[in-house]
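Here the structure comes first, spelled out in structure tokens, and everything after it is commentary.
Bear in mind these aren't lab numbers, they're just calculated from the coordinates by the rules spelled out. Computed from a prediction, not measured in an experiment: that's the story for all the values here. Using ideal geometry, Cβ is built from the backbone for each residue, glycine included, and neighbour counts are taken over all protein chains shown.
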Amino acid sequence: MFFQPGRGIVLSAWDVRAADLVSFYGEHGHYPQAKRAGGEGSLYGWLFVQRRRAAKSTLQAECAAHLDNVLPGWKVCASIDWNERWLQSAHALSAFVEQYGRFPSRSSEDSDERTKGTWLARQRHQLKRDKLRDDRRAYLDRLVSNWSKGRPKA
């Protein structure tokens, strides 16, 4: 924000995006998420850049102070949210298998099924590359029989 003679106070593009973030948080009660429709994905990208700059100490001090003042905790990308989302996806997979007796397809025309199928494929891929956390593998093993093989057990 700066003063320009004849125009008064002028907001920079950064100020406008920060105001958009405050407005979004006030309206929705959470920070924007990636891969969402409308301006949410774009706003998520802007917040991601600000968090990265803050972590690298390249965000201007006055910008960081402003965000600290209007949105305490903005720097934290809560890993609890990611764990909670993972658990929700695991339970959604389990419910799908229980209801339909098969695994969801990532090529389904139904977007909800496709989302579940893509998530399952990602877990299988991580397992093959030995990148799936042991606790997550054990949880899926308990929740959905044969999830790593490709066909649910009857």
Considering region 68-110 alone, what residues qualify as being within 18 Å of the chain's Cα centre (by Cα) and polar (S, T, N, Q)?
S79, N83, Q88, S89
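Among the residues of region 100-154, what is the count of those that are among the acidic types (D, E) and either in a loop (DSSP other than H, G, I, E, B) or touching a strand residue (DSSP E or B) at 6+ places or on another chain (Cβ under 7 Å) (or both)?
Adding up the residues that qualify gives 3.
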